[in-house]
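The structure appears right after this line, and notes come after that.
The values are calculated or read from the model by the stated rules, or taken from the named source; none is laboratory data. Since we're looking at a predicted model, the values are computed, not measured. All Cβ positions, even for glycine, are placed from backbone atoms using ideal geometry, and neighbour counts span all protein chains on display. Note: accessible area is taken over every heavy atom of the protein model, side chains too, but ligands, DNA and RNA are not part of it. Shrake-Rupley method; radii C 1.70, N 1.55, O 1.52, S 1.80 Å.
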Amino acid sequence: MLRKLFQKTPLAWFQVKREKMRLAVALAGIAFADVLIFVQLGLKDSLYDSVEQPYYKLDGELFIIDPLFAGFNTFNSFSRERLYQAARLNEIATVSALYIARGQWRNLKTNLNRNVLIFGVDPDRPIFTLPGVTQQANQLTILGRVLYDRIGRDDLFGDVNKVLEQSDGQPLAVQVNDRQVQIVGRFRLGASFVADSNLIGSDQTFLKLFPERSANQIDIGVIKLMPEADVSTVQAALKAVLPDDILVLTQAELADRERTVWEIESPIGFIFGFGTIIGFIVGIVIVYQVLYADVADHLSEYATLKAMGYSDRYLTGVLIQESLILATLGFIPGFWLSVGLYSIASSAILLPIAMTVNRAILVFLLTYIMCLTSGMVTLRKLQTADPADVF
């Protein structure tokens, strides 16, 4: 049907381009709706990516957490004894403890406090695969020394990167949790919705910054397997030998758990989803108004076509074609505007916002559905075209 329809006189295209101003308004409206949807989806995905990112930088195949551990928003520790029990399996190469907590960094210039995510590791087994951590881990053996995230929200912390570059390699003294620590190196991880930057220190430095914490309270146990070990088999074996008061997860399962917390239990996921729906509805309303005005202005012409023998089916096809043409033409500026906004937002808030193929395809399909929905609603007006009105 569509093939035959498009082979005939392109009435839909002539209708669309006839009123230049109306076409411009329609394309601007569709582009605006697409930008709204792109921004909401982009921010939502950047939220999930930023909170998942640290898990994928851990050097391990299996991870032990407390069942109440709800990601970087709610920490819940378990006993170090569980690490000793897990280490008894022959397939396990190493078992390491990771401490995590949010601290308060005092800005070097304003003395205002900012949230910073602090990781405590064993300097002899730093467990992060981040460039700069393994090379500088030996410097963390001295109490009170930390590594600073060079791609966090540096402006909120007092332009630390600039100060370090001007210090000629000398440690920089800063205040964290009202205690002095020294920055002796930098790494790259990035800010997130949880904290504006990150610090990595030794487990002893971590306990100095959080004196209420015990060395026995582990947040994540990082398990490195032997090269020949099968992850699923070892995971099942650990679940069998360890008590039910802990969970044994793969890296993907641990990251998905964090995503689920933000997607379902946090209002932020709902807010971004609601914003996407609003953008979709805005697009439907704008396209409907344009198509309705077009049909109303040419109602007598449609009635004439009916009098000449053209069926309602044909005229419906014309209206659908108009919808698809508007969807295609409106998506193009919306896409490129969104790419530009992603770049600006990524530089401003230092979160991983970038256009993806899957997101572009999704919004393209939503644009088609949006315009087709408007076209189908407008059909009610088109069906009022009566050949008798011509005479």
Consider only pairs whose beta carbons are under 7 Å apart and that are at least six residues apart or on different chains; among these, list those whose first residue lies in the stretch 39-61 and is within 29 Å of Ala93 (Cα to Cα) and among the aromatic types (Phe, Trp, Tyr) and whose second residue is in a helix (DSSP H, G or I) and open to solvent by 40 Å² or more (accessible area, probe 1.4 Å). Tyr55/Gln251; Tyr56/Gln251
Please go through the stretch 141-172 and pick out each residue that is open to solvent by 50 Å² or more (accessible area, probe 1.4 Å) and assigned to a strand (DSSP E or B). Arg145
If Arg88 satisfies all but one of (1) closer than 24 Å to Phe210 by Cβ; (2) modelled with pLDDT of 90 or more; (3) surrounded by fewer than 18 Cβ atoms within 10 Å (Cβ to Cβ), what's the number of the condition it fails? (1)
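Results for (1) surrounded by fewer than 22 Cβ atoms within 10 Å (Cβ to Cβ); (2) in contact with a Gly (Cβ under 6 Å, 6 or more places away or on another chain); (3) part of a loop (DSSP other than H, G, I, E, B), shown as yes or no for each residue.
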{"residue": "Gln175", "(1), (2), (3)": "yes, no, no"}
{"residue": "Val184", "(1), (2), (3)": "yes, no, no"}
{"residue": "Leu189", "(1), (2), (3)": "no, no, yes"}
{"residue": "Val194", "(1), (2), (3)": "yes, no, yes"}
{"residue": "Leu207", "(1), (2), (3)": "yes, no, no"}
{"residue": "Ser214", "(1), (2), (3)": "yes, no, yes"}
{"residue": "Val222", "(1), (2), (3)": "no, yes, no"}
Could you say which residue among Ser311, Ser343, Ser347 is of a type in the set (Gly, Ala, Ser) and at pLDDT 85 or above? Ser343
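Across the stretch 91-109, which residue is farthest from Lys224 (Cα to Cα) among those that are open to solvent by 60 Å² or more (accessible area, probe 1.4 Å) and not in a strand (DSSP E or B)? Walk me through how you get there before you give the answer.
So in the stretch 91-109, the residues open to solvent by 60 Å² or more (accessible area, probe 1.4 Å) come out as 91, 102, 104, 106, 108-109.
Add one more test, that the residue is not in a strand (DSSP E or B), and what stays is 91, 108-109.
On the way: Glu91: 9, Leu108: 38, Lys109: 42 Å.
That would be Lys109.
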Within the stretch 327-339, can one find any residue that is β-branched (Val, Ile, Thr), assigned to a helix (DSSP H, G or I) and either farther than 19 Å from Arg22 by Cβ or modelled with pLDDT under 80 (or both)? yes
Flagged in the stretch 143-183 as more than 17 Å from Gly103 (Cβ to Cβ) and either of a type in the set (S, T, N, Q) or touching a residue at least 24 places away in the same chain (Cβ under 8 Å) (or both), in numbering order, are Arg150, Ile151, Asp159, Asn161, Val163, Gln166, Ser167, Gln170, Pro171
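For residues that are open to solvent by 80 Å² or more (accessible area, probe 1.4 Å) and among the charged types (D, E, K, R), scanning just the stretch 257-278, find the one that is modelled with the lowest pLDDT.
Going through the qualifying residues, I end up with Glu265.
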Go through the residues of the stretch 200-212 one by one and say whether even a single one is aromatic (Phe, Trp, Tyr), in contact (Cβ under 8 Å) with a residue 60 or more places away in the chain and touching a Phe, Trp or Tyr at 6+ places or on another chain (Cβ under 9 Å). yes
Given the conditions (1) open to solvent by less than 60 Å² (accessible area, probe 1.4 Å); (2) touching a residue at least 24 places away in the same chain (Cβ under 8 Å); (3) farther than 17 Å from Asn73 by Cα, and given that Asp245 satisfies all but one, which numbered condition is not satisfied? (1)
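Looking only at the stretch 61-74, count how many residues are at pLDDT 85 or above and open to solvent by less than 10 Å² (accessible area, probe 1.4 Å). Outline the logic, then answer.
So in the stretch 61-74, the residues at pLDDT 85 or above come out as 61-69.
Checking which are open to solvent by less than 10 Å² (accessible area, probe 1.4 Å) leaves us with 62-65, 69.
Summing the residues that are at pLDDT 85 or above and open to solvent by less than 10 Å² (accessible area, probe 1.4 Å) in the stretch 61-74 gives 5.
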